Amino acid sequence: MNSNNNEEGVVSCVVRGVDLFKKIEEGLSSDEAYQEFLSLFHKHTCGEIQLEPVLACILRCSDPGLVDEFRDFVQFCQTKMKKETVEEEQKKKHDSI
C-alpha cells in the first residue's frame, strides 16, 4: 500500500510538472534559455543550489507568473515526497514492532 502512495505522489508531481515545463519551454525566449533552466533545475534537485537561481532564470527570460507557478510546483512536490517519506518511516516502525 505504501508503495502505491509513493507512486501516486511521484505521478502527481510528474503530471503537474509536464504541463508546467511545457509552459516554461514555450515562455522562455530561446532554446538556450530553456537548457539553462533545465541545468539549474537539475542542480537544484541534486541539492547543489537553492531554488532562487532557477526562479531568477525563469524571471529573466519569461513571464513573471511562471515564477509563482514554478515555486508552487516545487513546494507541492516537496510536500508530497516529505509526507510519503514520513508515512514510510512510520510503517517501518509499525512493522518492526
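Is there any pair linking a residue in the range 66-86 that is in a helix (DSSP H, G or I) to one that is among the polar types (S, T, N, Q) and at pLDDT below 90, with Cβ under 7 Å and at least six apart or on different chains, and which?
K80/S12; E84/N5; E84/N6
Which of the residues spanning the range 53-65 are within 14 Å of I24 (Cβ to Cβ) and either modelled with pLDDT of 95 or more or part of a helix (DSSP H, G or I) (or both)? Reasoning before the result, please.
As a first pass, look at the range 53-65 and keep what is within 14 Å of I24 (Cβ to Cβ): 54-65.
Listed by number, the residues that qualify are V54, L55, A56, C57, I58, L59, R60, C61, P64, G65.
Within the range 23-52, can you find the residues that are within 14 Å of the chain's Cα centre (by Cα) and part of a helix (DSSP H, G or I)?
Matches in the range 23-52: I24, F37, L38, S39, L40, F41, H42, K43, H44, T45, E52.
The values are calculated or read from the model by the stated rules, or taken from the named source; none is laboratory data. Only a predicted model underlies this, so the values are computations on that prediction, with no experimental measurement involved. Positions of Cβ are backbone-derived with ideal geometry, glycine not excepted, and every protein chain shown enters the neighbour counts.
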